[in-house]
Amino acid sequence: MFRAVLACVVLAETVTAAPPPREPESVKLKRIYGETTDVDKDCAFTLDGEKLKISLPGKSHLFRAAMHNGGRGLVDNAPRTTRTVTGDFTLVVQLFQTVPTADAANAGALTGAGVYILGSDSACSIARHHTLDAKGKIRSTTFQLMGRKTNSSTSGGRGANNDEATKPVYFRLVREGNSISSKFGTDGKTWKPLWTYEGEFPPEVTVGVFAENTGVKGYEAVFEGLKLDTGDKK
């Protein structure tokens, strides 16, 4: 009799300890990265664990939102994610792949990906851009700042060394009022400064990641583990 009761207890514990339902991919993507925007409806967003893969076709896709007047009428069609945040914050995300397989058909093309902040008439974006050579391989790599506010725009570039060009990098953006400071690193612990941009941001802004391509060959831009902290900025 004792053995029968014990068996029932063990069975009950087994049923109680069943794992929770698996979180749907679409829900997880939205929780970590936010909503997705695909202006031309020809890109794809997929999750692999906490890695976000943005697949771009062989067609021009550029992020113009951080240019004055939206690039003066030029198409702003880079695929991106969007989360809304109010007040000061720190955003960190790791960027992996941003280069298609080497192909001479992509000679001179630009590929890249980055992060952005957008609110009212102000915007700021930080990206790692690759320019490809005659064989479709990396010719040069720069970190690029684009910023805009009501009556002005800002741009800047910083060359990347071999590790910064070929290894995964982390981007770190910190908002304090109208000031957006940006840093990057290759280990997520040691940071190198990029720029501080002074905008005219409202309390509520949108933030996210984006990917770009001007070549005739598509590729996947890969991000991992976007973290948005509205607490301590230090």
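Filtered by the rule that a residue be within 28 Å of residue 106 (Cα to Cα), part of a loop (DSSP other than H, G, I, E, B) and modelled with pLDDT of 95 or more, the range 78-96 gives 78, 79.
Could you grab me the full set of residues in the range 187-230 that are free of Cβ contacts under 8 Å to residues at least 60 places away in the same chain, hydroxyl-bearing (Ser, Thr, Tyr) and within 23 Å of residue 148 (Cα to Cα)?
196 - this is the single residue of the range 187-230 that is free of Cβ contacts under 8 Å to residues at least 60 places away in the same chain, hydroxyl-bearing (Ser, Thr, Tyr) and within 23 Å of residue 148 (Cα to Cα).
Taking residues in the range 155-181 that are acidic (Asp, Glu), and partners anywhere that are outside any loop (DSSP other than H, G, I, E, B), not one pair has Cβ atoms closer than 6 Å while being at least 6 places apart or on different chains.
Report yes if residue 225 is in a loop (DSSP other than H, G, I, E, B) and not aromatic (Phe, Trp, Tyr), otherwise no. Criteria not met by residue 225. Considered as a group, the residues in the range 27-64 that are in a strand (DSSP E or B) and small (Gly, Ala, Ser) include one that is surrounded by the most Cβ atoms within 10 Å (Cβ to Cβ), and that residue is 55.
Looking at 113, 107, 127, can you tell me which residue is over 20 Å from residue 210 (Cα atoms) and either modelled with pLDDT of 95 or more or out of contact with any strand residue (DSSP E or B) (no Cβ under 6 Å at 6 or more places or on another chain) (or both)? Full working, then the answer.
Details: 113 fails: over 20 Å from residue 210 (Cα atoms); 127 fails: over 20 Å from residue 210 (Cα atoms).
Among 113, 107, 127, only 107 is over 20 Å from residue 210 (Cα atoms) and either modelled with pLDDT of 95 or more or out of contact with any strand residue (DSSP E or B) (no Cβ under 6 Å at 6 or more places or on another chain) (or both).
Have a look at 184, 223, 171, 210 and point out the one that is in contact with a helix residue (DSSP H, G or I) (Cβ under 9 Å, 6 or more places away or on another chain), modelled with pLDDT of 95 or more and not aliphatic (A, V, I, L, M).
Working: 223 fails: in contact with a helix residue (DSSP H, G or I) (Cβ under 9 Å, 6 or more places away or on another chain); 171 fails: in contact with a helix residue (DSSP H, G or I) (Cβ under 9 Å, 6 or more places away or on another chain); 210 fails: in contact with a helix residue (DSSP H, G or I) (Cβ under 9 Å, 6 or more places away or on another chain).
Going through 184, 223, 171, 210 in turn, the sole match is 184.
Within the range 111-123, can one find any residue that is within 19 Å of residue 33 (Cα to Cα), part of a strand (DSSP E or B) and open to solvent by 10 Å² or more (accessible area, probe 1.4 Å)? Within the range 111-123 (the criterion being within 19 Å of residue 33 (Cα to Cα), part of a strand (DSSP E or B) and open to solvent by 10 Å² or more (accessible area, probe 1.4 Å)), the answer is yes, since at least one residue qualifies. Among the numbered conditions (1) open to solvent by less than 10 Å² (accessible area, probe 1.4 Å); (2) over 24 Å from residue 152 (Cβ atoms); (3) touching a residue at least 60 places away in the same chain (Cβ under 8 Å), the only one that residue 84 does not meet is (1).
Scanning the range 97-110 for residues that are part of a loop (DSSP other than H, G, I, E, B) and closer than 25 Å to residue 196 by Cα yields a single hit, 98.
Return a yes/no flag: does the range 169-186 have any residue that is open to solvent by less than 40 Å² (accessible area, probe 1.4 Å), in a strand (DSSP E or B) and among the aromatic types (Phe, Trp, Tyr).
Residues of the range 169-186 open to solvent by less than 40 Å² (accessible area, probe 1.4 Å): 169, 171-175, 177, 179-182, 184-185.
Those still in the list that are in a strand (DSSP E or B) too: 169, 171-175, 179-182, 184-185.
Add one more test, that the residue is among the aromatic types (Phe, Trp, Tyr), and what stays is 171, 184.
Yes, the range 169-186 contains a residue that is open to solvent by less than 40 Å² (accessible area, probe 1.4 Å), in a strand (DSSP E or B) and among the aromatic types (Phe, Trp, Tyr).
Of everything in the range 6-54 that is over 25 Å from residue 169 (Cα atoms) and β-branched (Val, Ile, Thr), the residue that is modelled with the highest pLDDT is 39. Every listed requirement among (1) within 28 Å of residue 39 (Cβ to Cβ); (2) in contact with a strand residue (DSSP E or B) (Cβ under 7 Å, 6 or more places away or on another chain); (3) open to solvent by 50 Å² or more (accessible area, probe 1.4 Å); (4) free of Cβ contacts under 8 Å to residues at least 60 places away in the same chain is met by residue 150 save one, (2).
The values are calculated or read from the model by the stated rules, or taken from the named source; none is laboratory data. In this text, all values refer to a predicted model and were calculated from it rather than measured experimentally. Here the Cβ is made from the backbone with ideal geometry for all residues, glycine too, and neighbour counts use every protein chain on show. Ligands, DNA and RNA are excluded from the accessible area calculation, which covers all protein heavy atoms including side chains. Shrake-Rupley method; radii C 1.70, N 1.55, O 1.52, S 1.80 Å.
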